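Heads up: the structure comes next, in structure tokens.
The numbers here are math on the coordinates, done by the rules we state, and not lab data. These numbers come from a predicted model, not from an experiment. We place every Cβ from the backbone using ideal geometry, glycine too, and count neighbours over all the protein chains shown.
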Amino acid sequence: MADETGKLEPCPDCLNSEGYSPAAYWIGKRLQDLMWNMPSREQGRADYERITTFLAGRAPDSWGHDEIDLRAATRKLAQLAGVTDIRAWETCATCDGSGEVGNESQRTS
Ligand SMILES: [Zn+2]
């Protein structure tokens with residue numbers, strides 16, 4: 001069955017970054033590494049979680065931090081840096097966050 005929603009061309013300015021600005025994507029990747037690859041409890045995990053919990057606005061659950069925490073942490077860092085328009089800062093200007101370029105008539109069927 002054909003994909004009825006169709007697809008447009010991937011955005012050349014945020015290829016594989018899902019509509020995020022380069023800065024938001026890059027900083028998010030660094031935070032993801034911190035949140036997903038924390039040391040063990042024996043290695044002082046609590047000291048790391050103190051920082052990630054502050055940035056995410058909530059503590060990790062038994063599985064750790066999730067994608068929502070990652071977005072919250074990225075936005076929190078931007079806010080702490082004085083960014084006032086978080087959406088503009090984190091969104092690719094070329095595709096306005098859609099990750100695709102083109103218009104509806106170019107959508108594949
Ligand atoms: Zn884009």
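Can you give the angle from 0 to 90° between the axis of helix 22-36 and the longest principal axis of the chain, with both taken from C-alpha atoms, to the nearest 10?
Between the helix axis and the principal axis of the chain, the angle is about 40 degrees.
If you average the alpha carbon positions of the stretch 38-74 and of the stretch 83-109, how far apart do those two centres end up, in angstrom?
Result: 29 Å between the Cα centres.
Please list, in chain and number order, the residues 5+ apart from Val101 or on another chain whose amide H is under 5 Å from its amide H, with Hs placed from the backbone.
Placed amide hydrogens put Glu9, Cys11 under 5 Å from Val101.
Highest GNM mean-square fluctuation, the chain, Cα pairs closer than 10 Å: which of Thr53, Thr74, Thr84?
Taking springs between Cα atoms under 10 Å, the residue moving most is Thr84.
For the chain, rounded, prolate or oblate, judged on the Cα gyration tensor with a ≥ b ≥ c (square roots of eigenvalues), a/c < 1.5 rounded, else prolate if a/b > b/c?
prolate
Test of understanding: what is the full-extension gain from Arg45 to Gln32, defined as 0.36 nm times their sequence separation minus their Cα-Cα distance?
3.1 nm
Answer with one residue from Leu80, Thr94, Gln32: the one whose Cα lies farthest towards the positive end of the charge dipole of the stretch 11-102, charges on Cβ with Lys, Arg +1 and Asp, Glu -1.
Leu80
Net charge near Leu55, counting Lys/Arg +1 and Asp/Glu -1 over other residues with Cβ under 13 Å of its Cβ?
Net charge around Leu55: +4.
Under 5 Å between amide hydrogens, which residues at least 5 positions from Thr91 or on another chain qualify, with H placed 1.01 Å from N in the peptide plane?
Amide H to amide H, under 5 Å and 5 or more residues apart or across chains, Thr91 pairs with Ser21.
Going highest first, how would you order 19-27, 44-52 by mean Cβ packing within 10 Å?
19-27, 44-52
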